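The values are calculated or read from the model by the stated rules, or taken from the named source; none is laboratory data. None of these values were measured; they are calculated from a predicted model. We place every Cβ from the backbone using ideal geometry, glycine too, and count neighbours over all the protein chains shown. Note: areas computed on protein heavy atoms with side chains; ligands, DNA, RNA excluded. Shrake-Rupley method; radii C 1.70, N 1.55, O 1.52, S 1.80 Å.
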Amino acid sequence: MKKRFFSFSFLFVTGIITAFAQTPQINNIIIMIPDGTSIDVLALARWYNNGKPLAIDPYIRGLVKTHCSDTPIGDSAPTGSTYATGHLSRTGFVSTYPDSVMSGYDIIATDSKKAFSPMFTVLEAAKLQGKSTGLVVTCHFPHATPADFSSHSQHRDNYDLLSRQMVYNNIDVVFGGGYSYLKPDKRADKLDLTKVLSENGTSLIRTPKEMIDFNGSKVWGLFAPKALKNDLDRNADKEPSLADMTQKALSILSKNPKGFFMMVEGSKVDWAAHDNDPVGMVTEYLAFDKAVGAAINFAKSDGHTLVIVVPDHGNSGISIGNARSSDKYDKLTLKELMYPLINAKNTAEAIEEFIDSNSTNEQIKDVFFKRYGVNNLASKELDSLRNYFSNKKLVKQGLLKKNNLNIQKLTASIISSRTYIGFTTVGHTGEDVFIAIFDPRNNAPTGLIKNDEVNFYMQKALNNTNLDSLTNLYFVNQNTVFQGFHQKIDSSDVNNKVLIVENNNKTIRIPANKNIVEISGKEQKFPTLMIYNGFSFFVPQSLRTFLEK
């Protein structure tokens, strides 16, 4: 009897050990964000693509709530920050703890003592573990979502500040647009961020060919002065596709035996949604879906990579079906539903490449027919287009303060009015969004989850990382770290403030929003940023020891 019990126990324990050994370890995390992508965009993309399934389809697990700390309808800065930090925040806040709007109006309870303080991100945590880090986007690199994972501010539009932090955060691979934000003549602080990249051993490239040929480990590929063109409008010799950038980033980041963290954003689905441009929305999503396919193929081959695909919020209230289809919705053919989307050669964003103030009515009609599949441009539509250029000329002459007409939105409305695609707004929307996951451990969450749970899921995959603990170590208020020491902020250069702390004839100088500290006249680089939020510096707790020695 004892012998049988021993055999059963041995087999049971062996089974547990075998099962544990077969559970893959997650070395790499890829989070992919199609900005502003409502779920109807997926359906539209399938029909536009002749009913073919999307790369994302087999991995859709459920829905995600996308509200902010104070509003049901989210802005990209706080919703992306929630994925990055695990904390909900307010409109305009980039990985920064929210302040309270008003008692009784916040959706979640907030700690007033933490208001405006930076919060550690999952990318920054991965960097501390020795992993490589990457950002791949189609917008300019300091835009809200990429900034959410790599910088900290309560002002999402302060691109000088955000780009400064992102460069000094020493990210290994950045692909997208925005090289103008690196130039000293374009910056209030006059910093030459191209020089900082070079000093960190990072190559700066500008063309798809340079990207293909690159063989190193640290590179920023910025292929436009600001955002990249929409995929349907781009010149492949000048700008790579999102899928190409994703594939190249994977080949570089995967060289690190400790693994990597990468965020990929299909940035301009959201921009097209703000224009109510169905052509832009569907083609930008399909370009993103190709990048998803590249990431999932890599993950399947690698066996240790987690891929999460989730929008940050909805946008535009897009629907397949509108007021024109009310009495014939079940009789419309696929061709009728898709026309003129399938005939469009460009998105609305490209319109000024083809017409200007000198274009004749016939030339404008020809452009709309050949480029957008619209063969019956009305007189009032021509007038609106012409008024845009008239206003633009008056603004240039100083005779008009602002051009209230937006030619991209005008073009999009002309296209949409010929379709059965509906829109409720040119702003964001508050519906739940989809989430798709490839997890080699087969333990992906399902059902309806909150947006902060997406971050918690990544924290757990990242060796049970606790981001709040890291925040408490590396982003500590200066008055806590240097209590009892003499402190002052040198504001002689308002764009390059420096915290100076003295004790026992020892001095440290901490430039704002860099990873550099000058200790007794010697410059030292740290793995984390020294954040200045406009009120206080937030620095590593360990800095106190340099003044106590």
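For the reader, a short list of remarks on this structure follows.
- Accessible area of the chain divided out per residue, in Å², using a probe of 1.4 angstrom: 44
- Per residue, the convex hull volume that the Cα atoms of the stretch 320-465 enclose (Å³): 220
- Farthest toward positive dipole pole in the chain [+1 Lys/Arg, -1 Asp/Glu at C-beta], among Thr121, Phe434, Phe288: Thr121
- Qualifying aspartates and glutamates (Cα of each under 20 Å from Cα of Lys114; at least 8 residues distant if same chain): Asp70, Asp99, Asp106, Glu124, Asp148, Asp452, Asp468
- Net charge dipole size for the chain [Lys, Arg +1 and Asp, Glu -1 on Cβ; Debye, nearest 20]: 900
- In Hz, Karplus ³J(HN,Hα) per residue of the stretch 139-153 (6.51, -1.76, 1.60; θ = phi - 60°; x = Gly, Pro): 8, 6, 4, x, 5, 3, 5, x, 5, 4, 8, 9, 7, 8, 6
- For the chain, the fraction of alpha-carbon pairs in successive 10 Å shells from zero, as %: 3, 17, 26, 24, 17, 8, 3, 1, 0, 0, 0
- Above-threshold pairs, the threshold being 26 Å between Cα atoms, out of Lys52/Lys365; Lys226/Lys409; Lys497/Lys522; Lys268/Lys514: Lys52/Lys365; Lys268/Lys514
- Computed over the stretch 54-152, the ratio Rg/Rh where both radii use C-alpha atoms and Rh is Kirkwood: 1.02
- Between Glu353 and Ile108, the FRET efficiency estimated from the beta carbon spacing at R0 = 35 angstrom works out to 0.20.
- At least 20 Å along the helix axis (C-alpha) and Kyte average at least -1.0, DSSP helices within the chain: 2-22, 278-302
- Most positive-pole-ward Cα, Tyr105, Phe175, Leu334, against dipole of the chain from beta carbon charges: Phe175
- Segment Tyr339-Asn406, length gained on full extension (0.36 nm per residue, minus Cα span): 21.8 nm
- Counting only DSSP H runs of at least 4 residues, each contributing -39500 (n - 2.57), and dividing by the residue count of the chain, the helix-based mean residue ellipticity at 222 nm comes to -10500 deg cm²/dmol.
- Rg over Rh for the stretch 154-285 works out to 0.97, using Cα positions for both radii and the Kirkwood form for Rh.
- Other-chain or far-sequence residues with amide H under 5 Å of Val94's (modelled H): Ser153, Gln154, His155
- The chain, relative contact order [Cα under 8 Å, separation at least 6], %: 21
- Rounded, prolate or oblate (a/c below 1.5 giving rounded, otherwise prolate when a/b exceeds b/c) for the stretch 232-271 by Cα gyration tensor: oblate
- Trp47-Asn443 FRET efficiency (beta carbon distance; Förster radius 25 Å; 0.05 resolution): 0.15
- Over the C-alpha trace of the stretch 122-211, radius of gyration and Dmax come out as 12.5, 37 angstrom.
- Across the accessible surface of the chain, with the other protein chains kept in place and a 1.4 Å probe, carbon and sulfur atoms take up 52 percent.
- Cβ-based net charge around Glu353, under 11 Å, with every Lys or Arg adding one and every Asp or Glu removing one: -2
- Of the residues Cys139, His486, Ala227, the one whose Cα sits farthest towards the positive end of the charge dipole of the chain is His486 (charges of +1 on Lys and Arg Cβ, -1 on Asp and Glu Cβ, taken about the Cα centre).
- As a rough guide to protection, the peptides 274-280, 36-42 ranked by mean Cβ packing within 10 Å, highest first, stand as 274-280, 36-42.
- For Lys514, the residues whose amide H sits under 5 Å from its own are Met530, ignoring neighbours fewer than 5 places away on the same chain, with H placed 1.01 Å from N.
- Amide H contacts under 5 Å for Ser203, placed H, 5+ residues apart: Lys218, Val219, Trp220
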